[in-house]
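Structure first, then comments.
Any read-out appearing in this document is the output of simple, stated calculations on the displayed coordinates, not a laboratory observation. Predicted model, so just to flag it, every value in this text is computed and none were measured. With ideal geometry, Cβ positions are generated from the backbone for all residues, glycine too; neighbour counts draw on all protein chains shown.
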Amino acid sequence: MNYIKLVISIAIPLFIGFIGSFFTSSSVDTWYKTLKKPDFNPPNWVFSPVWTLLFILIGLSFYIIWKNNFGGKKVLLLNIFFTQLFANLIWSLFFFGLRSPFWALIDIIVLWLAILVNIIVFYRVSKPAGILLVPYILWVSFAALLNFYLYILNK
């Protein structure tokens, strides 16, 4: 096991989450509180531990791919991986930073598609790496539904 690669692999998505938290923290206790929410909206305390766990799983998945030399498709896999991380980051910017559930909804659709592509290409290199991303797409599916309702209820 290469511990340096493991730490870097987990640190990358956690760092993206950390950057996103700057947009979130500025609005979660102010603007977000004022929104009409659907009945299935989880309490705010749920989001941080769920996202932390998901970012760790994303990092573990990346570590497996890196350890397998990216299946000989380094540029493709890196582009897909960082594209979904970027879409994840800008969701926080759109939703919390710009306070735009509409643009966040557009972005989360792109994010969902990017995660799906990420799962497929990682799975082709390593089944465990692809499977580790399944909780991520499931959570983002729920988040997309929540985002849709927040947009509809607050337009």
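Computed about its Cα centre, the charge dipole of the chain is approximately 280 debye, with only Lys, Arg, Asp and Glu carrying charge at their Cβ.
Note on the chain: with a GNM built from Cα contacts shorter than 10 Å, the maximum mean-square fluctuation among Pro128, Pro43, Pro101 falls on Pro43. In this structure, Phe47 and Phe102 have a Cβ-Cβ separation that, at R0 = 22 Å, corresponds to a calculated FRET efficiency of about 0.60.
Please report how many Lys pairs in the chain have alpha carbons closer than 27 angstrom, counting only residues at least 8 apart along the chain or sitting on separate chains. Number of lysine pairs found: 10.
The mean of 1/r over all distinct Cα pairs in the range 22-155, once inverted, gives the Kirkwood hydrodynamic radius of 15.5 Å.
Highest mobility in the GNM of the chain, judged by mean-square fluctuation with C-alpha springs under 10 Å and restricted to Leu54, Leu76, Leu111, is found for Leu76. By the helix-only formula, in which each DSSP H run with n ≥ 4 contributes -39500 (n - 2.57) and the sum is divided by residues, the chain has a 222 nm mean residue ellipticity of -26000 deg cm²/dmol.
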